[in-house]
Amino acid sequence: KIGVLASGEGTNFQELINLSAENKFDIDIKVLISNNEGAGCIKRAKKANTPYKIIKRNNFTSNELFEEEIINTLIFHDVELVVMAGWMKIVSSFFVSKFKDKIINIHPSLLPSYKGSKAIEEALSNNSKITGCSVHFVDKEVDSGSLIMQAALSVLKDDNFITLSKRIQILEHIILPLSISHAGFLIRG
């Protein structure tokens, strides 16, 4: 039983919806939470009849209250694993402690290289020869939790942000479900 946190278009979320609908992946998407009311992931949740909730930081007087609302929503939906799939907010150690070893994140670099929100841009500007994506457990330090899985690709000489992002997304769609399976196995023993 997973809860997905997403801020953007939601292509990884859509991949999970598709695999579940086709009975190729035994997950129950209990809820999507987004902090962006205009995010494409919300349209995807509506189309798939997946419960969703928009929780915007600026509707709360503190980050603690914002995170508490997210935590309460995840608990209400009986989520066993939290999947950050394009969630563009750093979570506090309080949030992490509430779901210790039950939060995973997908990141568009081969961690520990290029942490943070500009990973693809940094790979390009540093003329990296290879990059890729990583799924890791979320820890109190940004993009620093233990790795579950990585996938690599060559950076092509004519790659730009859009072309490289699309090629990395293809790999993300492969390793995220595998990583969810691995995390689920660890959670359920």
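The values are calculated or read from the model by the stated rules, or taken from the named source; none is laboratory data. Note that this is a predicted model, so its numbers are computed, not measured. Positions of Cβ are backbone-derived with ideal geometry, glycine not excepted, and every protein chain shown enters the neighbour counts. Side chains included, ligands, DNA and RNA excluded: accessible areas come from the protein's heavy atoms. Shrake-Rupley method; radii C 1.70, N 1.55, O 1.52, S 1.80 Å.
Could you work out the helix-only [θ] at 222 nm for the chain, with each DSSP H run of four or more residues adding -39,500 (n - 2.57) and the total divided by the number of residues, to the nearest 500 deg cm²/dmol?
Using -39500 (n - 2.57) per qualifying helix, the result is -12000 deg cm²/dmol.
Suppose every K and R has +1 on its Cβ and every D and E has -1 on its Cβ; what is the size of the dipole of the chain about the Cα centre, in Debye to the nearest 20?
On the way: 22 positive and 21 negative charges, 50 e Å.
Once rounded to the nearest 20, the dipole reads 240 debye.
Considering only DSSP states other than H, G, I, E and B, which trypsin sites (Lys or Arg not before Pro) in region 111-179 qualify as loop sites with at most 14 other Cβ atoms within 10 Å?
LYS118, LYS129, LYS140, LYS157
Given the pairs LYS1/LYS46; LYS24/LYS129; LYS43/LYS166; LYS1/LYS43; LYS53/LYS102; LYS46/LYS140, which span a C-alpha to C-alpha distance of over 24 angstrom in this model? Don't skip to the end; give the middle numbers.
Numbers: LYS1/LYS46 19 Å; LYS24/LYS129 34 Å; LYS43/LYS166 20 Å; LYS1/LYS43 21 Å; LYS53/LYS102 20 Å; LYS46/LYS140 32 Å.
From the list (LYS1/LYS46; LYS24/LYS129; LYS43/LYS166; LYS1/LYS43; LYS53/LYS102; LYS46/LYS140), the Cα-Cα distance tops 24 Å for LYS24/LYS129; LYS46/LYS140.
I'd like to check one number: the per residue accessible area of the chain, probe 1.4 Å, reported in Å² as a whole number.
53
Mind checking which aspartates and glutamates have their C-alpha under 14 Å from LYS47, skipping anything on the same chain fewer than 8 residues away?
GLU9, GLU15
Is the shape of region 9-62 best called rounded, prolate or oblate, per the rule: a/c under 1.5 gives rounded, else a/b larger than b/c gives prolate, else oblate, with a ≥ b ≥ c the square roots of the Cα gyration tensor eigenvalues?
prolate
Would you work out if region 1-144 is rounded, prolate or oblate? Take a ≥ b ≥ c from the square roots of the eigenvalues of the alpha-carbon gyration tensor; rounded if a/c is under 1.5, else prolate when a/b is larger than b/c, oblate otherwise.
oblate
Using a 1.4 angstrom probe on heavy atoms only, work out the carbon and sulfur share of the accessible area of region 1-147 in %.
Heavy-atom surface of region 1-147 belonging to carbon and sulfur, 1.4 Å probe: 47 percent.
Exactly which GluC sites (Glu not before Pro) in region 117-149 are in a DSSP loop and have at most 15 other Cβ atoms within 10 Å?
GLU141
What fraction of the DSSP beta bridges in the chain is antiparallel, stated in percent and rounded to the nearest 5? Mind showing how you got there, number by number?
Values: 11 of 25 bridges.
If we restrict to bridges inside the chain, about 45 percent are antiparallel.
Before anything else, pin down the relative contact order of the chain: Cα pairs under 8 Å, at least 6 apart, normalised by residue count, whole percent.
It comes to 19 percent, rounded to a whole number.
So which GluC sites (Glu not before Pro) in region 1-93 end up in coil per DSSP with only 10 or fewer other C-beta atoms within 10 Å?
Listed in order of number, the matching sites are GLU22, GLU37.
Going by a ≥ b ≥ c, the root eigenvalues of the Cα gyration tensor, does region 42-105 fall in the rounded group (a/c under 1.5), the prolate group (a/b larger than b/c) or the oblate group?
oblate
What number comes out for the charge environment of SER62, summing +1 per Lys or Arg and -1 per Asp or Glu over other residues with Cβ under 13 Å away?
Neighbour charge sum, excluding SER62 itself: -3.
Take every DSSP beta bridge with both residues inside region 47-148 and express the antiparallel ones as a percent of the total, to the nearest 5.
Percent antiparallel among DSSP bridges in region 47-148 is about 60.
Which aspartates and glutamates, if any, have their Cα less than 14 Å from the Cα of LYS30, not counting same-chain residues under 8 positions apart?
Here the aspartates and glutamates satisfying the reach criterion relative to LYS30 are ASP78, GLU80.
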